[in-house]
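Since the structure comes first, as structure tokens, the remarks are kept for the end.
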Amino acid sequence: PPTRPPPPPPQKKKKKKKQQQKFKTNKKHQLSCFEGLWILPSMVGGSVLYFLSVDQWHRVAAWLYGSGLTGLFITSTLFHTAAWKISHLRQVEQRFHMCDRMAIYFFIAASYSPWLMLRELGPWACHMRWLIWVMACIGSVYVFFFHERYKLVELLGYVAMGAVPALVILCMRTGVCELAMGGVFYGVGVVFFKSDGLVPFAHAIWHLFVAVGAGIHYYAIWRYLYLPETQLQTSR
Ligand SMILES: [Zn+2]
């Protein structure tokens, strides 16, 4: 009678699984490098806002926002490139990962800056202008000391960073809808981010959601804060 081939020894099985895992991780970082495609548009987008500026406040806000946006995509691309190409240099990869995580805090602060700086929204918003940067610094210090240690605290940090400034700009008459929509994209994106390993291409999908969310926010800032005809209605 035909006999079945003997099962591979457990040692070999383990090795195969490890190889598959490595292949998957590699693919994830390789795909995520497409994030680099957004670096140049972010720079151009920031410059467009800068040149549309009518005063010093607009220029500073454009500069902060453009840098935050570009910085996010640069650090993310650097980290994923490092994780893909030089993953054997654990220490270097770890450093890039930390920078990537810190950049998210500064990116959120930068995204709120134009709204907080260019609209007159009361004393709370006034304080929030600098408070968001303090929050970003605290988040970064946390990343520096406890990187990847308490996943839930990490997530809560980002949620707080995203939600607290929103509270003081909800009273705006225009732009809230777009801001909320961008926020929803980030929120759904986080679900994919957390499904890494469970859903195929989850991390790449997360990046897509971030790009769309950032795109919507850019559109809102350009339209409501920088377009010449709207600047007159909404200026401070
Ligand atoms: Zn990523």
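Observations, loosely collected:
- A count restricted to the range 189-205 and to residues that are exposed (fewer than 15 other Cβ atoms within 10 Å of the Cβ) and part of a helix (DSSP H, G or I) stands at 2.
- Of the listed requirements (1) under 23 Å from Val210 (Cβ atoms); (2) more than 14 Å from the ligand (Cβ to nearest atom); (3) touching a helix residue (DSSP H, G or I) at 6+ places or on another chain (Cβ under 9 Å), Leu118 misses just one: (1).
- Taking the range 148-188 as the range and being more than 26 Å from Gly122 (Cβ to Cβ), surrounded by 15 or more Cβ atoms within 10 Å (Cβ to Cβ) and modelled with pLDDT under 90 as the test, only Glu154 passes.
- The residues of the range 181-196 that are under 13 Å from the mean Cα position of the chain (by Cα) and among the hydroxyl-bearing types (Ser, Thr, Tyr) amount to a single one, Tyr186.
- Being touching a Leu at 6+ places or on another chain (Cβ under 6 Å) and closer than 27 Å to Phe201 by Cα is a description that applies to Ser42.
- Checked against (1) away from the ligand (no atom under 16 Å from the Cβ); (2) crowded, with 17+ Cβ neighbours inside 10 Å; (3) of a type in the set (A, V, I, L, M), Leu227 meets all criteria but (2).
- Test result for Gly71, within 16 Å of the ligand (Cβ to nearest atom) and in contact with a Ser or Thr (Cβ under 6 Å, 6 or more places away or on another chain): no
Matching residues to (1) part of a helix (DSSP H, G or I); (2) of a type in the set (D, E, K, R):
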site	(1), (2)
Phe106	yes, no
Leu121	no, no
Pro165	yes, no
Arg173	no, yes
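- Some residue of the range 121-140 being of a type in the set (Ser, Thr, Tyr) and within 16 Å of the ligand (Cβ to nearest atom): no
- Leading residue by the ranking (farthest from the ligand (Cβ to nearest atom)) among those in the range 35-55 that are aliphatic (A, V, I, L, M) and free of Cβ contacts under 8 Å to residues at least 60 places away in the same chain: Val44
- Flag: Met161 matches the condition of being within 17 Å of the chain's Cα centre (by Cα), in contact (Cβ under 8 Å) with a residue 12 or more places away in the chain and under 29 Å from His58 (Cβ atoms).
- Flag for His58 being away from the ligand (no atom under 16 Å from the Cβ) and under 18 Å from Leu227 (Cα atoms): yes
- Out of Ser113, Ser140, Ser87, one residue alone is of a type in the set (S, T, N, Q) and more than 17 Å from the chain's Cα centre (by Cα). It is Ser87.
Condition check ((1) buried (at least 19 other Cβ atoms within 10 Å of the Cβ); (2) part of a helix (DSSP H, G or I); (3) more than 20 Å from the chain's Cα centre (by Cα)) across all residues:
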position: Lys24; (1), (2), (3): no, yes, yes
position: Glu35; (1), (2), (3): yes, yes, no
position: Gly46; (1), (2), (3): yes, yes, no
position: His58; (1), (2), (3): yes, yes, yes
position: Trp63; (1), (2), (3): no, yes, no
position: Gly68; (1), (2), (3): yes, yes, no
position: Ala83; (1), (2), (3): yes, yes, no
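The values are calculated or read from the model by the stated rules, or taken from the named source; none is laboratory data. Keep in mind that this is a model prediction, so the values were computed, not measured. When we count neighbours, we look across all protein chains shown, and the Cβ atoms used for this are built from the backbone with ideal geometry, even at glycine.
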